[in-house]
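The values are calculated or read from the model by the stated rules, or taken from the named source; none is laboratory data. What you see is a predicted model, and the numbers here were worked out from it, not measured in a lab. Counting neighbours? That spans all protein chains shown, and the Cβs are built from the backbone with ideal geometry, glycine included. Note: accessible area is taken over every heavy atom of the protein model, side chains too, but ligands, DNA and RNA are not part of it. Shrake-Rupley method; radii C 1.70, N 1.55, O 1.52, S 1.80 Å.
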Amino acid sequence: MVDSDFMDARGEDGMAEDHQQLLPLCGTEGASWPSRLSQCAGVRWPVAAAALLACSVLTAGVAIVHVHGPLRPLRKAAIGSRGVPDQQKLDAVGGGASVKIWQTAREQGHLERLTDTNLAADFDFSGPTVTVDVGARDQQIVGFGGAFTESSAVTFQKMNPTLQEQFLSGYFDEAGLGFTVGRVHINSCDFSVASYSFDDHAGDVELQYFDSEASHDSQALIPLIQRAQQRISQRSQSMRLLATPWSPPSWMKGNAKMDTSSRPCIRPEYRDTWARYLAKWVSTYKAKGVPIWAMTVQNEPQGNSSWEACLMAPPEEADFLGEHLGPVMKSAHPEVSIFVHDDQKNMMPDYARAAFSHPTANKYTDGVAFHWYTGDWFDKVAEVHRQYPGAMLLASEATYEKRMWKPGAVQAYPEWRFGEGYAHDIIGDLNAGAMGWIDWNLLLDMSGGPNHVGNMCDAAAVADLQEQVLHWHPQYYYMGHFSKFILPGSTRLQTSVEGSTAYAGTLRGYGTCTGQDGLQATSFVRPDRQIVTVVLNCGDGPIEFKLRVGSGALRASVPAHGIQTYLLPAS
């Protein structure tokens with residue numbers, strides 16, 4: 001159940017507004033680290049791993065000042081378009097202002113409202129200090145959300161009406177997480193009951209057999225999206241839905257099957273057909289009342305997965321976008337933004353460079369999407385943000401695969417470190433320039449599926465269909481510290497952490513956060529001019545710190561394995 005103590009994050013005051021590395025990591029969601037690395041440039045995985053780790057060793061020590069993210073002059077842009085928002089004057093925040101606080105901590109409650117406190121005039125403090133510079137601003141937030149997969153949809157259908165209501169309210173209502181962004185697969189993905197497409201008629205270049213009724217998706221997937229849309233519309237908002245293809249129909253591919261991929265993936269004679277297919281899919285969803293906000297060119301184009309896949313090297317993806325997909329989408333759906341990459345962070349600069357330097361693809365590239373499965377690599381996100389300041393950067397997938405579960409686990413279970421890993425990644429991505437963050441499956445069953453190739457994963461919401469119980473895992477509450485407070489249209493403020501340790505070791509597995517990460521923080525100013533600061537502590541002991549905003553400050557403490565959100569009033 002959703003705790004009632006955190007239902008007033010917006011409602012109480014009427015705030016309803018809402019990388020070549022040394023070796024490329026060709027990781028995919030379901031592959032083990034040895035499998036991932038063995039795919040790299042033909043190098044055996046132990047050699048690749050040793051080389052990668054060696055090149056990623058940093059100087060250990062204490063981070064005296066850690067300034068979160070690159071900042072630069074801003075230029076005018078609206079949400080959903082290239083660029084960043086207008087500067088607006090924000091008066092200094094002084095002492096006396098009342099500050100609201102929400103907290104989640106292991107064994108200490110979930111998203112619970114703490115006693116309000118007041119800002120005082122700035123004061124001397126010898127411990128860690130979080131400083132929010134209200135005059136240094138960067139990217140604007142589109143929102144937070146999760147993926148609508150067929151697996152999520154069929155699991156939802158098997159829940160009783162009470163559980164369905166808990167799910168919808170928990171994710172999409174103002175009293176829940178207030179999600180406003182979603183992701184959906186074009187054709188099947190691994191989290192589908194089986195492989196399928198909208199046109200299985202080989203050689204149908206004119207797509208006359210394309211299923212414009214979306215018969216398959218209309219069984220479960222589209223109805224779930226529609227119900228979520230309804231909940232979001234009740235908050236006078238709309239959903240921004242990102243659409244992503246995993247594989248073209250088998251007859252368009254060199255290996256003649258949807259699972260796995262040949263290289264090249266798409267047969268040359270069908271590249272234009274595939275572009276028109278994608279545009280037709282967007283039209284079909286739009287006709288069903290499900291408009292598409294943006295699309296990616298290909299899910300994980302570096303990953304030859306055992307499930308639906310389509311390999312595209314950076315130049316291949318740029319060529320396909322510039323010569324086929326871009327012109328088709330510009331003609332049929334000019335309102336739909338297009339993201340390249342949609343793969344691991346370490347390869348982001350390569351795909352971004354290929355697209356933005358391409359003579360035609362650059363005209364159609366609105367942003368770069370990325371996943372978390374090769375580890376933090378926040379420096380690669382920041383690199384792309386610096387080089388292409390007008391590009392939208394979107395964290396589009398994260399989850400914990402079964403191989404990351406505790407040894408022997410056969411069912412999904414609540415693991416506190418999973419929530420901490422999500423928050424660590426969200427803070428790192430936002431501070432590097434991301435304008436949104438999307439979780440993987442919104443809902444799964446106790447097996448971590450269904451998944452037609454056995455690639456089981458955890459989710460923030462897991463349904464015990466036999467007992468008809470919905471379990472919210474720690475990721476849910478940790479995501480809420482961002483999604484409930486950092487509203488669409490919020491603008492990032494430069495935030496520095498002084499006097500705290502920061503991780504400076506070798507590359508770690510994805511979603512890792514420990515006491516070595518010290519105090520982590522990010523801040524935003526919302527459209528209603530209220531300031532949000534989120535602080536994270538993955539260590540075993542509490543951290544006393546000073547939060548300084550403008551000329552005001554307060555002394556605070558974040559408990560061990562805890563996260564807090566501070567909401568400061570408009571100046």
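What residue, of Ser496, Ser557, is surrounded by fewer than 23 Cβ atoms within 10 Å (Cβ to Cβ) and over 26 Å from Lys345 (Cβ atoms)? Give the derivation first.
Working: Ser496 fails: over 26 Å from Lys345 (Cβ atoms).
Sole residue among the options that is surrounded by fewer than 23 Cβ atoms within 10 Å (Cβ to Cβ) and over 26 Å from Lys345 (Cβ atoms): Ser557.
Among residues belonging to segment 295-349 that are within 18 Å of the chain's Cα centre (by Cα) and among the hydrophobic types (A, V, I, L, M, F, W, C), point out the one that is surrounded by the fewest Cβ atoms within 10 Å (Cβ to Cβ).
So, considering only residues that are within 18 Å of the chain's Cα centre (by Cα) and among the hydrophobic types (A, V, I, L, M, F, W, C), the one surrounded by the fewest Cβ atoms within 10 Å (Cβ to Cβ) is Ile338.
Looking at this structure, is Tyr503 part of a loop (DSSP other than H, G, I, E, B) and in contact with a Gly (Cβ under 9 Å, 6 or more places away or on another chain)? Please lay out each step first, then the result.
Details: part of a loop (DSSP other than H, G, I, E, B): yes; in contact with a Gly (Cβ under 9 Å, 6 or more places away or on another chain): yes.
Yes.
For Met479, only one of the following conditions fails: (1) assigned to a helix (DSSP H, G or I); (2) touching a Ser or Thr at 6+ places or on another chain (Cβ under 9 Å). What is its number?
(2)
Restricting attention to segment 186-210, report how many residues are among the small types (Gly, Ala, Ser) and either open to solvent by less than 10 Å² (accessible area, probe 1.4 Å) or not in a loop (DSSP other than H, G, I, E, B) (or both).
Within segment 186-210, the first condition is being among the small types (Gly, Ala, Ser), and the residues that meet it are 188, 192, 194-195, 197, 202-203.
Then keep just the ones that are either open to solvent by less than 10 Å² (accessible area, probe 1.4 Å) or not in a loop (DSSP other than H, G, I, E, B) (or both); that gives 188, 192.
Here the count works out to 2.
Taking the stated definitions as given, is Ser169 crowded, with 23+ Cβ neighbours inside 10 Å and either more than 16 Å from the chain's Cα centre (by Cα) or over 20 Å from Gly448 (Cα atoms) (or both)? Quick ask: steps written out before the conclusion?
Details: crowded, with 23+ Cβ neighbours inside 10 Å: no; either more than 16 Å from the chain's Cα centre (by Cα) or over 20 Å from Gly448 (Cα atoms) (or both): yes.
Considered against the rule, which asks whether it is crowded, with 23+ Cβ neighbours inside 10 Å and either more than 16 Å from the chain's Cα centre (by Cα) or over 20 Å from Gly448 (Cα atoms) (or both), Ser169 comes out as no.
Of the residues Gly489, Gly428, Gly436, which is surrounded by fewer than 23 Cβ atoms within 10 Å (Cβ to Cβ), within 28 Å of Ala382 (Cα to Cα) and either at pLDDT 95 or above or among the hydroxyl-bearing types (Ser, Thr, Tyr) (or both)?
When all the criteria are applied, what remains is Gly489.
Those residues that are open to solvent by 30 Å² or more (accessible area, probe 1.4 Å) and part of a loop (DSSP other than H, G, I, E, B), I need them from segment 449-474; list them, please.
Taking segment 449-474 and keeping what is open to solvent by 30 Å² or more (accessible area, probe 1.4 Å), we get 450, 452-454, 456, 464-469, 471.
The answer is Pro450, His452, Val453, Gly454, Met456, Leu465, Gln466, Glu467, Gln468.
Here is a yes/no grid of residues against (1) at pLDDT 95 or above; (2) surrounded by fewer than 21 Cβ atoms within 10 Å (Cβ to Cβ); (3) under 28 Å from Gly143 (Cβ atoms):
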| site | (1), (2), (3) |
| --- | --- |
| Val181 | yes, no, yes |
| Ser212 | yes, yes, no |
| Lys253 | yes, no, no |
| Lys257 | yes, yes, no |
| Thr260 | yes, yes, no |
| Pro268 | yes, yes, no |
| Leu278 | yes, no, yes |
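Quick test of your reading of the structure: Trp251 fulfils all but one of (1) more than 24 Å from the chain's Cα centre (by Cα); (2) part of a loop (DSSP other than H, G, I, E, B). Name the failing condition by number.
(2)
Val205 fails exactly one of the following numbered conditions: (1) closer than 21 Å to Thr273 by Cα; (2) under 30 Å from the mean Cα position of the chain (by Cα). What is the number of that condition?
For Val205, the exception is condition (2).
Residues checked against (1) under 27 Å from Asp425 (Cα atoms); (2) not aliphatic (A, V, I, L, M):
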residue: Asp319; (1), (2): no, yes
residue: Gly326; (1), (2): no, yes
residue: Met348; (1), (2): yes, no
residue: Phe356; (1), (2): yes, yes
residue: Thr365; (1), (2): yes, yes
residue: Phe378; (1), (2): yes, yes
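Can you name the residue in segment 224-251 that is out of contact with any Asp or Glu (no Cβ under 9 Å at 6 or more places or on another chain) and open to solvent by 40 Å² or more (accessible area, probe 1.4 Å) and, of all such residues, is nearest to Trp293 (Cα to Cα)?
Once the filter is applied, the top-ranked residue is Arg240.
Go through (1) open to solvent by 10 Å² or more (accessible area, probe 1.4 Å); (2) closer than 27 Å to Pro569 by Cα; (3) not in a loop (DSSP other than H, G, I, E, B) and name the single condition Ser523 misses.
(1)
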